[in-house]
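The values are calculated or read from the model by the stated rules, or taken from the named source; none is laboratory data. Because the structure is a prediction, the values reported are computed rather than measured. Cβ: placed from backbone, ideal geometry, glycine included. Neighbour counts: every protein chain shown.
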Amino acid sequence: MAGREAPSGLLNHVSAEGLSAKKKELEAIALETLTRLIDEFGDKAVMEKMNAAEQKNFHEKVTSIMVRVAAEKQSHLSQLDKQKVVQYVTDEVFGFGPINSLLTDPTVTEIMVNGYRQVYVERNGIIHKTDITFRDDAHVLHTIEKIVTPLGRRIDESSPMVDARLPDGSRVNAIIPPLAIKGPTLTIRKFATDSLSLEDLISNGTLTQEIAHFLRACVRARLNIIVSGGTGSGKTTTLNVLSGFISGSERIITIEDAAELQLKQEHVITLESRPANSEGKGRITIHDLVRNSLRMRPDRIVVGEVRGGEALDMMQAMNTGHDGSISTLHANSPRDALSRLETMILMAGMDLPHRAIREQIASAIDLIIHQSRYPDGTRKISQITEVVGMEGDTITLQDLFVFRQSGLNERGRVMGKHVPTGLTPSFMDKFQAFGENIPLSLFQPVENRGGRRY
């Protein structure tokens, strides 16, 4: 990119309708400053590759050019105005343009660019529209290319969809025309550098102290656990907390599409799938990694998400000595989770009778932890369900704990509480075998207990 062509990659922090005269003025100065910088360096890529020392000199050069441009335009810039223009330019050169500030904002968990006019973010589980916009579709496409190109990926009309990951672990999905009718669309789920702890989940109301005590015992007793739920319901966060209950003396292998789990144990092997390259070769799937992990002498296999034929390998591993495996999958309920597992096993290409598949599932899975995201943005464990066994051709389930919603308060926050159903799990003997002290009273309604234990 050289010459006097106006760059399409300069951010614009306000909506088109709300542009004040001052902000239009600042944008014009920033655009001209960036254009002259490109003229001076000859290629924008040269600027993007600067080291820290060179970037410091670059900032001084930006300021110098900006002052000249402002003088030519007879614009008076306050110190704050100058900082904004410099930030515009540096975000475009070294960052990801308009959304750079969102990527560095710790309160933002998801960024959604719906064409160049609309940018939404998720904070505390609630989606908000921001006043950030891009200049045009070419600007959005420029940002997408800046994300995926260093990863050896490409996005164009012949390959209009891409999944990628930022260096910090954030997950990126982009889709462009002709598939995206309203223009290039970008979705970024930010990687949490500090994962939530068990105490955080308890204080947030995701679960109770009693349920936490029960789940810790389930992991230590090597039960096979599935965490189910919808998109953004907190499955990975719960999986991370559950994985933290695994003994440090065990060899743990984690398998993910994007490495998000942050286990504190020492003996952890982290495996990550790999997409195909620009030539369509070199793809390594979760299915491939699950099969390979069985040859790595694992004590525990933790799969970030089961979504395909690897479900069959997981079930077989759980049924052949790899107890204590944990995974997540997308589902609307515990029953739906089993149906999805059955479908995914069929995706492995094995011509198995439905009853045989269900017997495999019923034998392999001990517990389903179902998560839900509620209208107020909170995420809670809504059901903890035991897989009991088979009755005829049907897998039998029983809820052990459920979240009972009682309504909304005056601020629109969900009201309710986690309660035991009164049913006792059939795997109490496993708790005893592993020295886990879980009293039967834990599964009884509070009013039926002899006293408070936790």
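Points to keep in mind about this one:
- Among the candidates E145, E122, residue that is over 30 Å from G280 (Cβ atoms) and surrounded by 15 or more Cβ atoms within 10 Å (Cβ to Cβ): E122
- Checking the stated criteria, D376 turns out to be among the acidic types (D, E) and either more than 29 Å from A356 (Cα to Cα) or modelled with pLDDT under 90 (or both).
- Qualifying residue in region 376-390 (condition: among the small types (G, A, S) and closer than 17 Å to N224 by Cα): yes
- In region 212-264, of all residues being modelled with pLDDT of 90 or more and basic (K, R), the one that is nearest to E310 (Cα to Cα) corresponds to K235.
- Restricted to region 35-100, the set of helices (runs of 4 or more DSSP H) holding at least 1 residues that are modelled with pLDDT of 85 or more comprises 52-72, 79-94.
- For first residues located in region 246-263 and under 21 Å from F214 (Cα atoms), partners that are buried (at least 16 other Cβ atoms within 10 Å of the Cβ) and of a type in the set (S, T, Y) and lie 6+ apart or on another chain with Cβ distances below 6 Å form the pairs L263/S243.
- Residue within region 423-430 that is closer than 30 Å to G125 by Cβ and assigned by TED's automatic domain parsing to the domain that holds A364 present: no
- Total residues in region 314-371 satisfying the condition of being surrounded by fewer than 20 Cβ atoms within 10 Å (Cβ to Cβ) and closer than 26 Å to L201 by Cα: the figure is 6.
- Given (1) crowded, with 17+ Cβ neighbours inside 10 Å; (2) at positive phi, number of the condition P98 does not satisfy: (2)
- When residues of region 362-382 are limited to those that are among the β-branched types (V, I, T) and under 14 Å from L397 (Cβ atoms), the one nearest to the chain's Cα centre (by Cα): I369
- Residues being among the aliphatic types (A, V, I, L, M) and free of Cβ contacts under 8 Å to residues at least 40 places away in the same chain - total across region 292-305: 1
- Failed item, numbered, when G234 is tested on (1) outside the structural domain of L102 (by TED's automatic domain parsing); (2) over 23 Å from the mean Cα position of the chain (by Cα); (3) among the small types (G, A, S): (2)
- Which listed residue, of I395, I369, I357, I381, is modelled with pLDDT of 95 or more and either closer than 14 Å to L341 by Cα or of a type in the set (K, R) (or both): I395
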